[in-house]
Amino acid sequence: MKIVIQRVSRASVSIGGSLFSSIKAGLMVLVGVVEGDTEDDVDWLAQKTVNMRIFDDDNGVMNRSVAEIGGEVLAVSQFTLAASTKKGNRPSYIHAAGHELAVPLYERYCEQVEALLGHPVAKGQFGADMQVELINDGPVTIIVDSKNKV
């Protein structure tokens, strides 16, 4: 499972030209589920998301988490994170998990982050054609892969 965490001053998802969800300061997280992912991957990534120290403390050092600043999280499913670009110029998505695995793991990720934060997570809509807008604060962008946790 792969996630892309972006520290944002605000972010939103629109579907069909209408605002679907939005957050103020916090994290915009793209969530990619690949074949073979498990609930252990989800739980580990949820912990990483909530506890990653990428917000400034009083000394201007990235030493605070989204939980510590009372920030919000917007989580959007993103199957293209599973892209393989080894051959040619057209990415292959053969390793992206199908709906039967990806939907429950994406939902569990959102539930776990909500439980750790103590407030709701804004979401995209799985499988929808979404337009995502964000102001990347910093910019700060972190890629985390549960296969690299050892």
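Listing for the model above:
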| quantity | calculated |
| --- | --- |
| Antiparallel DSSP beta bridges within region 12-102, percent to nearest 5 | 55 percent |
| Per principal axis, descending, Cα span of region 88-150 in whole Å | 43, 34, 33 |
| Order by protection proxy (mean Cβ within 10 Å, highest first), peptides 81-91, 49-59 | 49-59, 81-91 |
| Cross-link pairs K87/K147; K48/K86; K86/K147 - those with Cα-Cα distance over 25 Å | K48/K86 |
| Taking the C-alpha atoms of region 53-122, convex hull volume expressed per residue in Å³ | 118 Å³ |
| 10 Å binning of all Cα-Cα separations within region 5-73, expressed as whole percents from 0 upward | 19, 41, 30, 10, 0 |
| Value of [θ]222 nm, deg cm²/dmol, for the chain, DSSP H segments ≥ 4, -39500 (n - 2.57) each, nearest 500 | -7500 deg cm²/dmol |
| Rg ratio (alpha-carbon, reference 2.2 N^0.38 Å) - the chain | 1.02 |
| Percentage relative contact order, region 28-84, counting C-alpha pairs under 8 Å, at least six apart | 49 percent |
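No lab work stands behind these numbers, since they all come straight from the coordinates. Source: prediction; values computed, not measured. Ideal geometry is used to build each Cβ from the backbone, glycine not excepted, and the neighbour counts take in all protein chains shown.
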